[in-house]
Amino acid sequence: MALDASVPLTTGTRTPERVREPATHAVRASKVNRSFDGRGVLEEVSLSIGNGEFVALLGRSGSGKSTLLRILAGLDSEYAGQVDVPERVAVAFQDARLLPWARILPNVTLGLRGQRAHKLALELLAEVGLAGKEKAWPKTLSGGEAQRAALARALAREPELLLMDEPFGALDALTRIKMHRLLRRLFLRHRPAVLLVTHDVEEAILLADRILVLTDGRLSLDLPIDLPAEGRRQAATFRQLRAQLLTELGVEDDDH
Amino acid sequence: MPIDLSSLRDLDRLAAPADEALRVGVDDRLATPHRARRRPRGLGFLVDKALGPLLLLGVWFTASGLGWVDSTTLPSPGQTWSAAHILIANGQLQEHLLISLQRAAVGLVIGVTVGVLLALLSGLSRVGEVLLDSNLQMLRSMPILALVPLAIVWFGIGEEIKVVLVALGVMFPIYLNTHTAIRSVDAKYIDLAATSGLGRIGLIRRVILPGALPGFFTGLRFSVAIAWLVLVVSEQINASSGIGYLMTQARSIGQTDVIVVGLIVYALLGLISDTLVRFFERRALTWRSTLQSR
C-alpha cells in the first residue's frame, strides 16, 4: 500500500476524546457514523467497554469492524458521533508490523522513553518468550514470534485499552492456539480493556467476556459469555454459542 | 548532403555506455530482493569475476604483439604500463589524480547534501512538494551536460564550474530516488507511528528516514557514476589540471598511451567508488539481508 505521506502527517480534524479521569468504562462510543463516498459503513454504532473487560467484535468481511477499530485507535477522524477512549491506547495489527529497520527492543519501546520503559520492555519480551531476541532483526523472526513481539510492544505502553485487529489471522492453527493462551495470560496479568476484532467465532468464544456482532455497519448482537476462564471448549454451551454466532453471521453451522 | 550512416551508428555505440550511466532508473536489486542463486565464494568467486577481464587483456596483448593494431591507434599493454610508470615517477599522475578526486568529492558532497535536503522538503511537506517537485522533475529530463555553455558564462572556466557541474549532476538522482523512497514508505508504518505516540519528529526520525534509506543508496550509486562522467567532460573542455586535462593534452601531441592510462585510471576510480558505496550500503542496510543478521 503506497501512501501520500502528507496525509498522515497532517493532524486529523477529529480525534476520539481522551478521557483522563478514571471512569468505569474504557470505551464509550455513541451513535458513530462513518461513510465512504456516501456509502454508510458504520451506522449509529454505540458501544461501551468496561475497564478490564475483554470484548470480541465479530463480523463478516466488509461489515465495518476494522473501520470501527481505526476510529477507536484515532487513525480515522472522518466520523460523526461521540467517542471517548482512555488516554493510553495500544493497537496490535493483523501483520505484526515491526519496523524492519529496527531491532526488536527498539521496536518494543517505539515512542516510549526512559529507563522504566526499557526495563518494562525487557520484562515483557521475557514474558512473551522472546528473551534473548532483543537484538534480533524482525526479518529473522517467525510469524508467531513477530506477533508476540508486537504484543509486547502493545503492552509496553501499559494501555488502558488494547485494540487488536485480527492479530492471529495470519498465523497457522497451532501457533494460533499458543497465542490464544498467551493472550489470555497476558490479559489476566495486565488487565487492559480489550477490543479484539476477529472473524473467527471460536477465537471470540474462547477469549472474550462479551461478543459483539457487527452486521452491515450496525451492531446486531451483544452477547455476554458466561463461561469459565479455562476449558471453554469443553463447556456444554460452547457449540450452542458457536451455532448462534454463526447464524448471526449468516453462515449455516453444519457441525451438528 | 549524403549522410554517412556508418559513422552515425558508431556515435550511437559510443553514446550507449554514457546513456546507461545517466539513466536514473530502478535498482535491479529491488526487483529481486531475495536472490536464491548461490554466489560462489572465495577462489571460485575471484575466478568468476576476473576471468572476463583477463581474457580481454590477453586479446589486447595478442592484438598488439602480432601487430594487428597500430601502436598509434592503440598502444600495447607494455607501452601503456611504461607510460603509467613515467607518469607516476614524475609525479604527474598523482598530482592530477588528486585534483580530480578533490573536484569529484567536493561536488559529490554538495550535490548529495542539496539533493537530500530538497527531497526532505518536498517529501515531507505539501508546500515543498508543490514548489519543488514539478520543477525538479522537469529539469531532470535535461541532459546535465547541455548546461556547460551557460555554466561557462556564469562561472567562467575555473574550479567552480567543475564542482558546480558535478554537484548538479549528482543532485538529481539523489533527489529523485530519495523523494520517491520517502513518498513510498508504507502507510501501515505511518499508522503504527500514530498509534505508538511518535510525534512528527519521531515519525521522521524512526520511520520515514530509515524507510527511505534504501532509495537514497540507490540514488547514491547512480550519483557516483554520474560524478565521474560529468568530471571527465568538464575536465576535457576547459581545464589546466586533472586526469581529463592530462588526457586532452596527450591527445594534442598524439600520446595514445597516456590517453589509455587516463581511461584505466577513470575505470578504476569508478570501480573503487562503486565498491565503497556498496560497502556502506551493506553496513547501513543490514536489516534487509536476513542471512547476515541471523
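The values are calculated or read from the model by the stated rules, or taken from the named source; none is laboratory data. Just so it is clear, the structure is predicted and the values come from calculations on it, not from any experiment. With ideal geometry, Cβ positions are generated from the backbone for all residues, glycine too; neighbour counts draw on all protein chains shown. Surface accessibility is based on the protein's heavy atoms, side chains included, excluding ligands, DNA and RNA. Shrake-Rupley method; radii C 1.70, N 1.55, O 1.52, S 1.80 Å.
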Given the conditions (1) under 30 Å from B:ALA181 (Cα atoms); (2) loosely packed, with under 15 Cβ neighbours inside 10 Å; (3) in contact with a Ser or Thr (Cβ under 8 Å, 6 or more places away or on another chain); (4) away from chain A (no Cβ under 14 Å), and given that B:MET138 satisfies all but one, which numbered condition is not satisfied?
(3)
Go through the stretch B:262-292 residue by residue and tally those that are within 14 Å of chain A (Cβ to nearest Cβ) and either open to solvent by less than 80 Å² (accessible area, probe 1.4 Å) or aromatic (Phe, Trp, Tyr) (or both).
8
What tally of residues in the stretch B:97-135 results from selecting those that are within 14 Å of chain A (Cβ to nearest Cβ), assigned to a helix (DSSP H, G or I) and of a type in the set (S, T, N, Q)?
1
Determine if the stretch A:169-184 includes at least one residue that is away from chain B (no Cβ under 14 Å), among the small types (Gly, Ala, Ser), assigned to a helix (DSSP H, G or I) and over 17 Å from the mean Cα position of the chain (by Cα).
yes
Within the stretch B:177-193, is even one residue at pLDDT below 90 and over 20 Å from the mean Cα position of the chain (by Cα)?
no
Here are some conditions: (1) buried (at least 16 other Cβ atoms within 10 Å of the Cβ); (2) within 28 Å of A:ALA96 (Cα to Cα); (3) more than 7 Å from every other protein chain (Cβ to nearest Cβ); (4) of a type in the set (A, V, I, L, M). B:ALA194 meets all but one. Which one does it not meet?
(3)
What is the number of the single condition among (1) outside any helix (DSSP H, G or I); (2) within 18 Å of B:LEU117 (Cα to Cα) that B:ALA239 does not meet?
(2)
Six or more apart or on different chains, Cβ under 7 Å: which pairs go from a residue in the stretch A:116-140 that's more than 14 Å from chain B (Cβ to nearest Cβ) and open to solvent by less than 60 Å² (accessible area, probe 1.4 Å) to one that's acidic (Asp, Glu) and assigned to a helix (DSSP H, G or I)? Could you list them?
A:LEU130/A:GLU145
Residues of the stretch A:79-96 classified as open to solvent by less than 40 Å² (accessible area, probe 1.4 Å) and over 25 Å from A:LEU47 (Cβ atoms), total:
1
Determine, yes or no, whether A:ALA29 is modelled with pLDDT under 85, within 29 Å of B:ARG200 (Cα to Cα) and surrounded by 15 or more Cβ atoms within 10 Å (Cβ to Cβ).
no
Answer residue from the stretch B:242-256, given it is assigned to a helix (DSSP H, G or I) and open to solvent by less than 20 Å² (accessible area, probe 1.4 Å) and is farthest from the other protein chains (Cβ to nearest Cβ) among those:
B:ALA250
Selection status of B:ILE259, of a type in the set (Val, Ile, Thr) and either buried (at least 23 other Cβ atoms within 10 Å of the Cβ) or outside any helix (DSSP H, G or I) (or both):
no
Selection within the stretch B:63-96 - part of a helix (DSSP H, G or I), without any contact (Cβ under 8 Å) to a residue 40 or more places away in the chain and under 17 Å from B:GLN249 (Cα atoms)
B:ILE86, B:ILE88, B:GLN94
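Results for (1) charged (D, E, K, R); (2) over 23 Å from A:LEU57 (Cβ atoms), shown as yes or no for each residue.
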{"position": "A:HIS118", "(1), (2)": "no, yes"}
{"position": "A:ALA126", "(1), (2)": "no, yes"}
{"position": "A:LYS135", "(1), (2)": "yes, yes"}
{"position": "A:ALA150", "(1), (2)": "no, no"}
Scan the stretch B:160-167 and tell me whether some residue there is assigned to a helix (DSSP H, G or I) and either free of Cβ contacts under 8 Å to residues at least 60 places away in the same chain or facing another protein chain (nearest Cβ under 8 Å) (or both).
yes
Being facing another protein chain (nearest Cβ under 10 Å) and part of a loop (DSSP other than H, G, I, E, B) is the filter here; which residues of the stretch A:142-158 pass it?
A:ARG157
All-but-one check, B:SER234 against (1) within 21 Å of the chain's Cα centre (by Cα); (2) at pLDDT below 90; (3) open to solvent by 20 Å² or more (accessible area, probe 1.4 Å), failing number (3)
So how many residues does the stretch B:141-158 have that are open to solvent by 30 Å² or more (accessible area, probe 1.4 Å) and part of a helix (DSSP H, G or I)?
9
List the pairs whose first member sits in the stretch B:242-266 and is aromatic (Phe, Trp, Tyr), whose second member is surrounded by 18 or more Cβ atoms within 10 Å (Cβ to Cβ), and whose Cβ atoms are under 7 Å apart, counting only residues at least 6 apart or on separate chains?
B:TYR245/B:HIS96; B:TYR245/B:GLU235; B:TYR245/B:ALA239; B:TYR266/B:TRP228; B:TYR266/B:VAL232; B:TYR266/B:ILE243
Please enumerate the residues belonging to the stretch A:32-44 that are open to solvent by less than 90 Å² (accessible area, probe 1.4 Å) and touching a strand residue (DSSP E or B) at 6+ places or on another chain (Cβ under 8 Å).
A:VAL32, A:ASN33, A:ARG34, A:SER35, A:GLY40, A:VAL41, A:LEU42, A:GLU43
Enumeration of residues in the stretch A:202-224 that are open to solvent by less than 10 Å² (accessible area, probe 1.4 Å) and either assigned to a loop (DSSP other than H, G, I, E, B) or not small (Gly, Ala, Ser) (or both):
A:GLU203, A:ILE205, A:LEU207, A:ALA208, A:ILE211, A:LEU212, A:VAL213, A:LEU214, A:GLY217
Would you mind stating whether B:LEU203 is within 14 Å of chain A (Cβ to nearest Cβ) and of a type in the set (A, V, I, L, M, F, W, C)?
yes
